[in-house]
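What follows is a set of notes on a single structure, which appears directly below.
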Amino acid sequence: MPLGGGNKCGRCSKTVYFAEEVLCDGRSFHKSCFLCMVCRKSLDSTTVAVRMDEVYCKSCYGKKYGPKGYGYGQGAGTLSMDGGQSLGITPEMPAAHSPTTNTNPSKLAQKFGCSDRCPRCGKAVYAAEKVIGAGSAWHKTGCFTCASCGKSLESTTLSDKDGEIYCKGCYGKNFGPKGFGYGLGAGALAHTQ
């Protein structure tokens with residue numbers, strides 16, 4: 001302890017007496033000087049963050065020195081449009097807009113970024129009406145049906161052959177094994193030629 005009664009304050013450089021002393025990172029502060037460098041909030045041992053010779057609250061420290069980008073927010077204040085200019089942060093300028101290379105001729109498809117085409121009707125398939133089956137995107141109503149009988153299908157009840165989709169029954173009749181004993185139910189003993 002130097003002569004004159006106490007240590008020097010890390011903020012105002014005046015003498016800090018024992019009754020008003022706050023210790024942080026080996027330095028002494030007046031209770032009234034122990035404030036965040038940015039927002040001037042009063043600090044304590046649970047809210048302080050130190051960088052070099054500067055003290056910050058954890059919120060301001062995170063904004064100024066923490067990771068940036070989507071997913072690094074902390075609490076309700078993360079959705080603000082604050083670019084950090086008050087903290088000395090210069091925002092990065094976005095790259096110039098370049099047109100897309102989408103070769104899809106549909107104006108709606110270009111606007112909404114759709115590139116899947118239904119194998120049955122050849123039209124664009126959007127997310128709200130998309131069903132995946134046999135490795136392709138189909139329209140849920142009208143197109144995602146059996147090629148033989150027209151029965152509506154589900155992704156778990158279909159079979160595919162040469163890019164077309166069939167219900168299990170029609171697939172078995174058209175492409176399954178033929179002969180006695182390979183039938184599907186009561187008509188199983190029907191003679192096929």
What part of the accessible area of the stretch 19-63, given as a whole %, is carbon or sulfur when the probe is 1.4 angstrom? 52
Surrounding net charge for Thr156, when Lys and Arg each add one and Asp and Glu each subtract one, Cβ distance under 15 Å: +1
Residues whose placed amide H lies under 5 Å from that of Glu164, excluding near-sequence neighbours: none
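Around Cys9, what is the net charge, scoring Lys/Arg as +1 and Asp/Glu as -1 over all other residues with Cβ under 13 Å from its Cβ?
+2
So with the 1.4 Å probe, I'd like the accessible area per residue for the stretch 19-63, rounded to whole Å².
On a per-residue basis, 60 Å².
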In the stretch 128-173, what percent of the accessible surface is made up of carbon and sulfur (1.4 Å probe, ligands and nucleic acids excluded)? 46
In the neighbourhood of Ser42 defined by beta carbon distances under 14 Å, the net charge of the other residues (Lys, Arg +1; Asp, Glu -1) is +3
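Ranked by accessible surface with a 1.4 Å probe, highest first, in what order do Ser28, Ser42 come?
Ser42, Ser28
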Residues Lys178 and Tyr126, FRET efficiency given R0 of 45 Å [Cβ-Cβ distance, rounded to 0.05]: 0.65
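The values are calculated or read from the model by the stated rules, or taken from the named source; none is laboratory data. Keep in mind it's a predicted model, so treat the numbers as computed, not measured. Because the Cβ atoms are built from the backbone with ideal geometry, glycine has one as well, and the counts that use them run over all protein chains shown. Surface accessibility is based on the protein's heavy atoms, side chains included, excluding ligands, DNA and RNA. Shrake-Rupley method; radii C 1.70, N 1.55, O 1.52, S 1.80 Å.
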